[in-house]
Amino acid sequence: TDEGTLQLYVEHPHRFQRSAVEIDLQSSAQHDIRLQSFRPKLQFMPELARNNLSTMLEEPAPEWTCEEWFNLPEDQESLSLSDLSGKIVVLTFWAGFDMTGQSRMHFEELKYLHGLFGSNPDIQFVAIHDASLKPYEIELVARKWEIPFPVGCDEEAFTSFKAYHVNQIPQTIIIDSDGKLKYYEVEGRLHTLIKAMLRSR
């Protein structure tokens, strides 16, 4: 807010339509928000990236290796990238010790997007925690953060983090239905990229 005003950003959950409006917090008047069509920016945008994964773009994404998993169906003990063949995968690397507002906001965005798209059989959300905590500690953090999608615990040697060149967290990556790493510079446009990926199927 600035002097009693609020900048409100609104985007349609499934279409390429959005709008930005300024709301006067002192006024009780209703606001008629009209969404405008926009052309999504799908090109490579390295300035949005936390980590440099440029050498992996359009290449087959590495298989991850996790010791334990949480939030899986009762009849499933583990989850591999090969299990998700043919699906778009929204993969996030994270750590529970990172309690910054930015990290929590990132997961709030992921939870919102999972609510929008999680029931779609063409997409799967996955999170991999680093090896800095014990599996039972990771499970507690995942429950506290109310993460609704599968959470894996990376091997002690940080095998999965190293395979994906992840040094800064959180890092979200989009893998296409052919198993190739499509996007890693997703900050501020993850919703738009997911919509574009689903439309291109």
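Numbers for the structure displayed
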quantity: Sparsely packed GluC sites (Glu not before Pro) within segment 133-169, loop by DSSP, other Cβ within 10 Å at most 14; calculated: E146, E156
quantity: Convex hull (Cα only) mean projected area of the chain, reported in nm² to one decimal; calculated: 12.9
quantity: Probe 1.4 Å, all protein chains present, accessible-area order of V151, V141, largest first; calculated: V141, V151
quantity: Centre separation in Å (Cα based) which lies between segment 127-198 and segment 38-87; calculated: 7
quantity: DSSP bridge orientation in the chain - percent antiparallel, rounded to nearest 5; calculated: 70
quantity: GNM flexibility winner over the chain from L133, L79, L25 (Cα, springs under 10 Å); calculated: L25
quantity: Full-extension gain in nm, S85 to R199, via 0.36 nm per residue minus C-alpha separation; calculated: 39.3 nm
quantity: Accessible-area composition of the chain, carbon plus sulfur, in percent [1.4 Å probe]; calculated: 47
quantity: Positive minus negative residues near V151 (Lys, Arg vs Asp, Glu; Cβ under 13 Å); calculated: -4
quantity: Between 0 and 90°, nearest 10: helix 135-144 axis offset from the chain longest Cα axis; calculated: 20
quantity: Interchain or long-range residues, amide H under 5 Å from Y183's placed H; calculated: I174
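The values are calculated or read from the model by the stated rules, or taken from the named source; none is laboratory data. This is a predicted model, so every value here is computed, not measured. Neighbour counts are summed over all protein chains in view; Cβ atoms, including those assigned to glycine, are modelled from backbone coordinates with ideal geometry. Accessible surface areas use protein heavy atoms only, side chains included; no ligands, DNA or RNA. Shrake-Rupley method; radii C 1.70, N 1.55, O 1.52, S 1.80 Å.
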